[in-house]
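To start, the structure under review is shown below, and the notes come after it.
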């Protein structure tokens, strides 16, 4: 997956030399390398990110670091850039402009060069500012449908699916993070857990003692690890989506693995829900209106995903490409429709369960979300978090009798208790 | 997986030299290499097999051939010996004497050397002769429980499971055989299909037109490819089991893959059922008695598997080894028991469905079984096969309302229609 011996950490001048040595990239920037503006914009924990501007255009350079960015003593393997590049290459033919173009990957440096996204902003920040993005929900729903359908056994011979299973089964460092932080730690005493204490101490203890909830969580964990339906982004929260009013781009696929399709949907929906429940904590005026907008977006993510996934399945049935649900066994539209109903119900069920787990871990686990963290008052934040946790519990424990995401949203308690 | 450039097909003298060059193996045989008796006993389609006898003991030598044994023009990749060796090494620590010891694997020659099994006979032949093996059913049930539990995420960290998923995802040539011959061909017009014609022409056409049956088959195919629960043998029919009255040995793991546990159980149970339904075709006198013995063995395979799998799970929970159903989420015996019930019901359901598909493909597909093929009269064989097909259809379509394998066996029509 690269030659670690030749790895060096790129600084601003290193990035400039790296791009100058690659004529196709240099041509995209235009002008002389000395005139390029190189700006470090790293804000995750695991990578260096640079934006480079030339007179003809811009590029984004992302390099894996051998340690947590803010703590050189916490070592990490470098190979996540390899998996991010592999994910981008696998989905690019299917998702159109919803993914930025991968222009170069240098294995020795674990370094990706992508098109620069301007003036896009990170969706999470846009949601905190109560901006509305008319295309976001349908773009993300269609993206998941296209990326997942194309990489599933519905569209491909099993040999191609197993090749991807074998490849992404090596992405174990980041998968371990998900297994521990999403599927285990919030349900036990764990050193990395934190929450709005002491206000949430009781609910955290309740969750650790909630047998039905923990059984549901155990089943979701089994599905995450044991159901390689399609190639997943693996970390599709609102920080992995960049938006303008007209465009949506999905970034940061380094957690990619073969898994259940509902996981990508569930993570995204959960982060919209976390934003929804955070709204009254920022400014009561207008909160309900923006919450209604978010709720509508959540429904749109699902309905567009559902429609696009079925459309792709119907179109693919003509050429009988996949070994899963092969046309030979599902001849006739009626038979295919019956199987589609069953698949979509299953993915919807997974989406709700994974969404519940993502919400819980963002409030009681290690990694929190700015939507809630940026609420200054502990009392206000805790009130929002309690509502989110109650909703998350319903997603996990009551989802099969819930009537689906639309019904759950209509029943939600959406405002601060008065 | 070996160096194909240095591959040579071993003949009897080649086998002698191969063993003579390996002191530990030569010592097991004893005496001078020139005195060893080397006998070719190949009877499968894919490999050469030799039994070697020395004054101190015997060995079995198995080598992959680059072509179908009876047709040098039908080329095959050699790597199945690599996967058989990998399977044997993975399960050996867990299954005791139920697997023959792998003594040597030579990657360049794709050649395994194992302990020789004497006086064991192939179970399928024993069943045709109506021999009773008191330990067979419980030994096979316990073998599947031990091999599958130990290689599942219940017993291991997900990293170890994913390493095996990545490894066995490369066993694609033999998996393709299963996908085509078991999961697809019998349900469509396919050149390799054959059956007792014209007597079964109608039922074969009925099955190709049976929407409910084909939907059930499509679901089982999806589970086979999409549920890497544990490391499977992958071809556990009655020709892969060698028996005496006291001992049972499982051989021929070259189809190994990570898959649903019920697949191994289903294949084995299906082959017992095929023998059961074949009995009246051989000799009416005594057929019913032997059928009752086989039916009891089928129940024993399941009950011993179920008991042993739960025992292993309970024992493992103390040290919390697995990332699937982790102890942190299932603290307390009640919670673990509830999850075990759900797991065992699921595996039982898979077992019935896969058994139905195995029975159908052995009657309407490419590879048939000697139990039925050795019935000389087409009329008699077809009568047995029709009963087996009717039972197989129930396994696939009615299994969830069936009351389980015991109830199905008690309701079976067991004799030739008079």
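The values are calculated or read from the model by the stated rules, or taken from the named source; none is laboratory data. Quick caveat, the model's predicted, so the values are computed rather than measured. Methodologically, a virtual Cβ is constructed for each residue, glycine included, from the backbone with ideal geometry; neighbour enumeration extends over all protein chains shown.
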May I ask you to verify whether residue A:262 is in contact with a helix residue (DSSP H, G or I) (Cβ under 6 Å, 6 or more places away or on another chain) and within 14 Å of chain B (Cβ to nearest Cβ)?
yes
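Within the range B:15-38, how many residues turn out to be in contact with a strand residue (DSSP E or B) (Cβ under 9 Å, 6 or more places away or on another chain) and either closer than 17 Å to residue B:65 by Cα or in a helix (DSSP H, G or I) (or both)?
Applying the first criterion (in contact with a strand residue (DSSP E or B) (Cβ under 9 Å, 6 or more places away or on another chain)) to the range B:15-38 yields B:15-16, B:18-19, B:22, B:24-25, B:28-29, B:36-38.
Subsequent filtering for residues that are either closer than 17 Å to residue B:65 by Cα or in a helix (DSSP H, G or I) (or both) retains B:15-16, B:18-19, B:24-25, B:28-29.
The total comes to 8.
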Quick check, is residue A:100 part of a loop (DSSP other than H, G, I, E, B) and in contact with a helix residue (DSSP H, G or I) (Cβ under 6 Å, 6 or more places away or on another chain)?
no
Does residue A:154 satisfy the criteria of being buried (at least 22 other Cβ atoms within 10 Å of the Cβ), out of contact with any strand residue (DSSP E or B) (no Cβ under 8 Å at 6 or more places or on another chain) and within 14 Å of chain B (Cβ to nearest Cβ)?
yes
Criterion: at negative phi, assigned to a helix (DSSP H, G or I) and buried (at least 22 other Cβ atoms within 10 Å of the Cβ) - qualifying residue of A:267, A:236
A:267
Among the residues of the range A:163-215, what is the count of those that are more than 14 Å from every other protein chain (Cβ to nearest Cβ), buried (at least 17 other Cβ atoms within 10 Å of the Cβ) and part of a helix (DSSP H, G or I)?
2
Among the residues of the range A:278-301, is any under 14 Å from the mean Cα position of the chain (by Cα), assigned by TED's automatic domain parsing to the domain that holds residue A:144 and within 24 Å of residue A:361 (Cα to Cα)?
yes
When (1) touching a helix residue (DSSP H, G or I) at 6+ places or on another chain (Cβ under 6 Å); (2) surrounded by fewer than 20 Cβ atoms within 10 Å (Cβ to Cβ) are applied to residue B:357, the one that fails is (2)
Out of all the residues in the range A:317-326, is one or more crowded, with 16+ Cβ neighbours inside 10 Å and farther than 30 Å from residue B:179 by Cβ?
no
If a residue counts only when it is over 19 Å from the mean Cα position of the chain (by Cα) and closer than 30 Å to residue B:189 by Cα, which helices (runs of 4 or more DSSP H) contained entirely in the range A:322-418 have at least 2 such residues?
A:333-364
